[in-house]
Each structure stands twice: as structure tokens, then as C-alpha cells.
1. State, to one decimal in nm, how far the label point of Glu301 lies from the label point of Phe64, with both points 7 Å from Cα in the Cβ direction.
2. Pairs of alpha-carbon atoms within less than 8 angstrom and 6+ residues apart define the contacts here; what relative contact order does the chain have, in percent?
3. Indicate, rounded to the nearest 5 percent, the antiparallel portion of the DSSP beta bridges found entirely in the chain.
4. Would you please put 118-127, 174-183, 76-85 in order of how densely packed they are, using the mean number of other Cβ atoms within 10 angstrom per residue and starting with the highest?
5. Using the membrane-span-like helix rule (whole DSSP H runs, Cα extent along the own axis of at least 30 Å, mean Kyte-Doolittle hydropathy at least 1.0), which helices of the chain qualify?
6. For each pair in Lys248/Lys291; Lys32/Lys106; Lys6/Lys106; Lys17/Lys103, compute the distance between the two Cα atoms and list the pairs where it is over 23 Å.
7. Just from the alpha-carbon atoms, what are the Rg and Dmax of the range 202-306 in angstroms?
8. From the helices alone, meaning DSSP H stretches of at least four residues, give me the mean residue ellipticity at 222 nm for the chain, per-run term -39500 (n - 2.57), in deg cm²/dmol to the nearest 500.
Amino acid sequence: MGMGIKSIDQRIKDNIKNYSINNLLAADYMRKKLENLSALTGAEICITDRHGAKFVFVGEFENFEPDVVQNPGEKLRVANRTIGHAYVDYSKVSEEKLELVKKAIKQDLLTFTAFAEELYLHKEYAFYADALEEKVVGEDYRTKQIEKEDFLTGVFNQVYFMDRMRVLDRSEVVPVALINGNINDCKFFNDAYGEEESDRMIAAIAAILKEEATPEYIIGRCDGDVFNILIPVPEEGEAEQYCMRVQKRCEEFEDPRLAPSIAFGIVYKQNVEETLHMLLSDAEYAMFENKLDMKQQPGYEERKKKGLV
């Protein structure tokens, strides 16, 4: 293209190798759908990633060891690349229903791969548009970025974050992890050391949030001491592990005065009929529970007041 950017066709062809089935399909949704199908038909199903690790299974597949090289089963393909394998046991299906059951399972597998391909294309077109905008618009693009960013922390400001929330809702992407983060005792540090030190702590926590995130994470500062984070199509436990990493980094932060600490609440959008805005209050409620638990931990008050000694 003459600008150092791959064409979108080349990008879609090349980048699928960077995605796993975990990035493109929701295990809980698939499991429920396959469990219903198995209960109705007797068929038992196991789906693995491209390397043969089990992703979801229903029925007696617990001791099954897939060999995707010698016996690849039914390949699940996105952008002409295999992202997984499906193995089906029809031994408990009645003879008169066998052909209908095979068709139903084939249709479900096609639905799964169609959804995965749609999500993959959505992500890659979004990344491509961002890269193209940055390359073409140049200084104007950087000006737009400033308008999107919170001046103190460099994460998205509240207006732009809320806009990205609405875009995700319109795209009908599920699941989405919504994390509400609230800095602990921000007022205490502001009163004790002044606004400049309080701002330094907010910036330090924002830096940790960014460093522990991946490029797909959407991070916004939505109030003075409040951050919200969106993780589209997270892997199982990904949001929880992210929050634990951030909190551990805060605990390890070395400073004669500041003791950064942040509480988190996590909720999941699982239904396209929900909106992320509707779930914000649930995330805030979970965050307050985490905040109360953190403040009751031994040594919390001593760490908070270390700079006053």
C-alpha cells in the first residue's frame, strides 16, 4: 500500500495464527448449547484447540486423549486456518435419528465457526482501521488521541470510554468482562500529602493497569479515582488474573510516602440483549465488597500511613 501497512486481505490471512479458539469462542455458551443437544439426542461431543487441548466436552470424554495429527476429527476453521477439532460419539444415538443428529451437530459446528470468523474479522478490521488512521492522518490523528485520553494518566477519558462501550454493545460481542476499579483511600493521600502527590499515585496505578493489559483491553478513567476496564471475549479467568496482577504490583510499589491500592469488581456481559452500562452498578457493588475485604487485611492501615511516621 506504500505506507508500510499490510492490506486488509493480507492481514486477515496472516494474523489468524495469533488467535486461539479461546479468543474467538465462548466456552460456557458452547458447553450449554452442546449439553442441550446431547440431552436431546444422546450424542457426546468434545471440542479441542488446534493443538488438541480440550476446550469443551459433554458426555464421557473426560479420559479421551485427542490426537489431532493422526485423527483430526472435524476441523473447525476460521480464515482458512484450523482453530480447533470436534470429536463426536454417536454410539448412543438411535439408528432412526442418526442422520438428523449428524446434520444438527454439523449445523452447530458451522454456527460456531461462523461466529468465530465474524468476531475475528471484526477485530482485525478495527485494528486495521486504527493503524490506517494513524498512518494517514498523522498529526491530526495525534490530536484526536489527545482528545480521547485522560490528560493525567494517558488512558481513555470517560467520554471516549463510554463511546467504546456503546460500540461493543452494537457489535453484539459476548462475552465481555467489565471491571470497575476504585483507588483505595485517595482522599487520605490527597489530604495528607497534597494534590500533586495524590495525582502521582493515580498516574502510578494507571501505568500498572496499562502495563498488565493486552492491546485488546479498553481502559478508561471515569472519575477522579475510578477506572473501568473492558475485556472483549476474555479467556476463562483472564479478568480475575489481570486484577490480581495489578493488585500485586501495587503492593510491591516502593515509595517513601505512597501506598497505591485499588479494589476491583468484575461482571460479565453474557447476553447481547444486555448493555454494559446496565452492568456498571453490579461491577461497582462487587468492587465495594473487594474494597471492604482489602481494608480489613492485616497491615493495611500501617502501610497506608507509612509516610506519616
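1. 5.7 nm
2. On the way: 414 pairs, mean separation 48.0, N = 309.
Relative contact order here is 16 percent.
3. On the way: 36 of 38 bridges.
DSSP beta bridges in the chain are roughly 95 percent antiparallel.
4. Details: 118-127: 16.5, 174-183: 22.8, 76-85: 19.7.
Listed from highest to lowest mean packing, they are 174-183, 76-85, 118-127.
5. Values: long enough: 98-137 (58 Å, 0.09).
Both cut-offs are met by no helix.
6. On the way: Lys248/Lys291 15 Å; Lys32/Lys106 17 Å; Lys6/Lys106 35 Å; Lys17/Lys103 29 Å.
Flagged as over cut-off: Lys6/Lys106; Lys17/Lys103.
7. Expressed in Å, the Cα Rg and Dmax of the range 202-306 come to 14.5, 48.
8. Numbers: 11 runs with 155 residues, N = 309.
Result for the chain: -16000 deg cm²/dmol, rounded to the nearest 500.
The values are calculated or read from the model by the stated rules, or taken from the named source; none is laboratory data. Because the structure is predicted, anything quoted here is derived from the model rather than measured. Cβ: placed from backbone, ideal geometry, glycine included. Neighbour counts: every protein chain shown. To get the accessible areas, we keep the full protein, side chains included, count just its heavy atoms, and leave off ligands, DNA and RNA. Shrake-Rupley method; radii C 1.70, N 1.55, O 1.52, S 1.80 Å.
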